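K.L.:
One structure coming up, written as structure tokens, with questions to follow.
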Amino acid sequence: MSNTNNDFFQPISVFFYLWMVASVVSSLYAYTWDIKMDWGLLDKNAEDNKFLREEIVYSSKGYYYFAIIEDLILRFGWTASVTVSFYQPYYNDVVTSILAVFEVFRRFVWNFFRLENEHLNNCGKYIFFVRRISRYFYRYGGFFFFSPNR
């Protein structure tokens with residue numbers, strides 16, 4: 001009688017490798033979409049802010065670089081969790097619980113940079129209307145200038 005557990009070393013199907021390749025490609029695509037499209041970063045024309053965009057809102061560039069690296073690591077966390085759960089099914093619940101908390105954090109950070117990008121894009125396109133509305137707001141004492149009595 002041997003002490004080795006043959007159930008632990010199961011043969012890996014070729015479909016598992018195909019699934020892992022598809023997961024990595026999917027994660028790379030989603031990460032690229034986050035950084036380029038959702039956050040508007042990695043702009044080639046940004047002179048002062050390397051790998052960022054021309055105009056940034058937050059005071060430190062370190063926030064942006066942290067978010068880029070954090071999003072990369074946590075994007076691939078779920079791919080790693082499937083690999084771990086395949087080899088160690090006993091740790092599946094623990095790994096899933098930990099990665100769920102990290103995913104909430106990743107989405108929390110993602111929202112800040114997504115909203116910043118939308119703000120910069122919208123204010124840039126409609127700056128005439130933003131300035132004009134704010135002048136009317138202060139000149140006529142608030143939103144009451146819509147009243148027919150004024």
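The values are calculated or read from the model by the stated rules, or taken from the named source; none is laboratory data. Keep in mind the model is a prediction, meaning the values are calculated, not measured. No Cβ is skipped: glycine too gets one built from the backbone with ideal geometry, and neighbour counts run over all protein chains shown.
K.L.:
What about Val84, is it surrounded by fewer than 14 Cβ atoms within 10 Å (Cβ to Cβ) and of a type in the set (A, V, I, L, M)?
P.N.:
When the stated conditions are applied, Val84 does not pass them.
K.L.:
While we're here: Looking at the range 109-125, is at least one residue over 21 Å from Arg53 (Cα atoms), of a type outside the set (S, T, N, Q) and either exposed (fewer than 15 other Cβ atoms within 10 Å of the Cβ) or at pLDDT below 80 (or both)?
P.N.:
Checked the range 109-125: no residue is over 21 Å from Arg53 (Cα atoms), of a type outside the set (S, T, N, Q) and either exposed (fewer than 15 other Cβ atoms within 10 Å of the Cβ) or at pLDDT below 80 (or both).
K.L.:
Only one of these conditions is not met by Arg106: (1) charged (D, E, K, R); (2) assigned to a helix (DSSP H, G or I); (3) touching a Leu at 6+ places or on another chain (Cβ under 8 Å); (4) surrounded by fewer than 17 Cβ atoms within 10 Å (Cβ to Cβ). Which number is it?
P.N.:
Among (1) charged (D, E, K, R); (2) assigned to a helix (DSSP H, G or I); (3) touching a Leu at 6+ places or on another chain (Cβ under 8 Å); (4) surrounded by fewer than 17 Cβ atoms within 10 Å (Cβ to Cβ), Arg106 violates only (4).
K.L.:
So, in the range 30-73, exactly how many residues are more than 12 Å from the chain's Cα centre (by Cα) and either among the small types (Gly, Ala, Ser) or exposed (fewer than 12 other Cβ atoms within 10 Å of the Cβ) (or both)?
P.N.:
9
Yes/no matrix, rows are residues, columns are (1) closer than 20 Å to Val101 by Cα; (2) modelled with pLDDT under 90:
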site	(1), (2)
Ile35	no, no
Asp38	no, no
Asp43	no, yes
Glu47	no, yes
Val57	no, yes
Ser60	no, yes
Phe66	yes, no
Ile73	yes, no
Phe76	yes, yes
